[in-house]
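Q: I'd like to ask some things about the structure below.
The values are calculated or read from the model by the stated rules, or taken from the named source; none is laboratory data. All of these numbers come straight from a predicted model, not from anything done at the bench. Positions of Cβ are generated from backbone atoms using ideal geometry, with glycine treated the same way; all protein chains shown enter the neighbour counts.
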Amino acid sequence: MDKIRPGLKTLFLSHQNADPDAIGSLYFLQKRYGGDVVLPNSPDRKGKPLAEYLNLRYKLPPLTEDYEQYVVVDTPTPTQLDPISIPLEKAVIIDHHPTDGWEVEVHKEKRTSCVEIIYDMVAPEKLSKDEGIALIAGMITDTSGFRRATVDTFRTLADIIELSGASISEVYDTISSRRTYSEKICRLKGAERSLHVRESGLLIAYTYVSSFESSVSDMLLRTGADISFSGSQRDENFLISSRVRNDIIKMGVDMGQLFNELAKEFDNVSGGGHPGAAVLKGKGEVEEFTERLVRRTRAMIKERDISIRIQ
Ligand SMILES: [Mn+2]
């Protein structure tokens, strides 16, 4: 089945750690078709404030009722619904990811977000402001703030803004969660204690905190570092998070690879991630491992001849 049938007792579902694309899709579908919403677990950092703002009523597992129709959105594989499983013969699956792991037909379209597909399916003549906010929130997060948007994204966006009167800044307000007091303190202390090294014109910053390692690494990039490390020590275990600026990644610095290689050399240490965001953790001294990472990062920068391209 690739169409939602109105009038049936329907359950709407989406993936674990639901993001604004999932939340926005579920909210809009529930508004238009009625029915229940269930999520495998609680939404992610941006999904949660959006769900709260929209007053989206969702259930968490276990499923206690049977439905005539199950509509799954934004979910490329059934394992992302764990621990929920649904009868596939009653399922409508709507997605925009290029590949999928479903054993049934998926209503798939090449769009930058799932909300765009759903907006087209419903083809509404009117939109409430909150529906507009829900839809735009999905588009913003799935395109990384419109950086990956296409002509179709903007066409749909223009329609939604016209029909709903929602503004982009209102949407940003609903998906930004306020930091806790302890996170703010960690960020300030992380900045205060940070150390810096210069390598081939790049600035590497590193620091030690008690928690919120990735948030602190993010903050160090925003304050001016090209590459950052934030580490913490808990008893005999350490955790180090790193971030790399996009333009430096393009020059060949890959922190996920570097972390992965280092982890292989030690028992009880694991690590890896993306070129611009990686984590290393395990048994050991945080200072020791941070210094190792900084040393190898400097070597990697030299190897890639980055100095030539930095003025
Ligand atoms: Mn999506």
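Q: Across segment 1-40, which residue is farthest from the ligand (Cβ to nearest atom) among those that are in a loop (DSSP other than H, G, I, E, B) and charged (D, E, K, R)?
A: Per the criteria, the residue is Lys9.
Q: Might you check whether a residue that is of a type outside the set (Asp, Glu), on the phi < 0 side of the Ramachandran plot, in contact with a His (Cβ under 9 Å, 6 or more places away or on another chain) and not in a helix (DSSP H, G or I) occurs anywhere in segment 217-236?
A: Yes, segment 217-236 contains a residue that is of a type outside the set (Asp, Glu), on the phi < 0 side of the Ramachandran plot, in contact with a His (Cβ under 9 Å, 6 or more places away or on another chain) and not in a helix (DSSP H, G or I).
Q: Report the residue count in segment 138-158 for those that are touching a residue at least 24 places away in the same chain (Cβ under 8 Å) and more than 16 Å from His96 (Cα to Cα).
A: Counting residues in segment 138-158 that are touching a residue at least 24 places away in the same chain (Cβ under 8 Å) and more than 16 Å from His96 (Cα to Cα) gives 0.
Q: While we're on this one: Considering every residue within segment 241-258, establish whether at least one is in the same structural domain as Ser194 (by TED's automatic domain parsing) and in contact with a Phe, Trp or Tyr (Cβ under 8 Å, 6 or more places away or on another chain).
A: yes
Q: Something else about it: In segment 197-229, how many are of a type in the set (Gly, Ala, Ser) and under 22 Å from the mean Cα position of the chain (by Cα)?
A: So the answer is 5.
Q: Could you look through segment 98-120, keep only residues that are of a type in the set (Asp, Glu) and without any contact (Cβ under 8 Å) to a residue 60 or more places away in the chain, and pick out the one that is farthest from the ligand (Cβ to nearest atom)?
A: Per the stated criteria, the residue is Glu103.
Q: OK, next. Condition first: in a loop (DSSP other than H, G, I, E, B), surrounded by 14 or more Cβ atoms within 10 Å (Cβ to Cβ) and within 16 Å of the ligand (Cβ to nearest atom). Now tell me which residues in segment 121-145 satisfy that.
A: Matches in segment 121-145: Thr143 only.
Q: Tell me the residue from Thr64, Thr10 that is in contact with a helix residue (DSSP H, G or I) (Cβ under 8 Å, 6 or more places away or on another chain) and either farther than 24 Å from Lys108 by Cβ or among the polar types (S, T, N, Q) (or both), please.
A: Thr10
Q: On to the next question. Given the residues Gln30, Gln80, which is the only one that is surrounded by fewer than 23 Cβ atoms within 10 Å (Cβ to Cβ) and touching a Phe, Trp or Tyr at 6+ places or on another chain (Cβ under 9 Å)?
A: Being surrounded by fewer than 23 Cβ atoms within 10 Å (Cβ to Cβ) and touching a Phe, Trp or Tyr at 6+ places or on another chain (Cβ under 9 Å) holds for just one of Gln30, Gln80, which is Gln30.
Q: I would also like to ask the following. Within segment 91-111, which residues are of a type in the set (Val, Ile, Thr) and modelled with pLDDT of 95 or more?
A: Val92, Ile93, Ile94
Q: Counting only residues that are modelled with pLDDT of 95 or more and small (Gly, Ala, Ser), which one in segment 192-210 is surrounded by the fewest Cβ atoms within 10 Å (Cβ to Cβ)?
A: Going through the qualifying residues, I end up with Ser210.
Q: Turning to a different aspect of this structure: Which residue pairs have Cβ atoms closer than 7 Å, lie 6 or more positions apart in sequence or on different chains, and pair a first residue in segment 59-87 that is closer than 24 Å to Asp142 by Cα and assigned by TED's automatic domain parsing to the domain that holds Thr143 with a second residue that is surrounded by 17 or more Cβ atoms within 10 Å (Cβ to Cβ) and basic (Lys, Arg)?
A: Qualifying pairs under 7 Å: none.
Q: Would you mention how many residues in segment 286-305 are within 14 Å of Tyr206 (Cβ to Cβ) and either among the hydroxyl-bearing types (Ser, Thr, Tyr) or in contact (Cβ under 8 Å) with a residue 40 or more places away in the chain (or both)?
A: Result for segment 286-305: 8.
Q: Okay, next question. Could you list all residues from segment 101-120 that are outside any helix (DSSP H, G or I) and closer than 14 Å to Val71 by Cα?
A: Trp102, Val104, Glu105, Val106, His107, Lys108, listed by residue number.
Q: Shifting gears a bit: Output the residues belonging to segment 1-58 that are of a type in the set (S, T, N, Q) and without any contact (Cβ under 8 Å) to a residue 40 or more places away in the chain.
A: Asn17, Gln30, Asn41, Ser42, Asn55
Q: For segment 72-97, what are the residues that are among the hydrophobic types (A, V, I, L, M, F, W, C), more than 11 Å from Val38 (Cα to Cα) and away from the ligand (no atom under 16 Å from the Cβ)?
A: Within segment 72-97, Ile86, Leu88, Ala91, Val92 meet the criteria.
Q: Has segment 51-71 got any residue that is assigned to a helix (DSSP H, G or I) and within 16 Å of the ligand (Cβ to nearest atom)?
A: The answer is yes, given that some residue of segment 51-71 is assigned to a helix (DSSP H, G or I) and within 16 Å of the ligand (Cβ to nearest atom).
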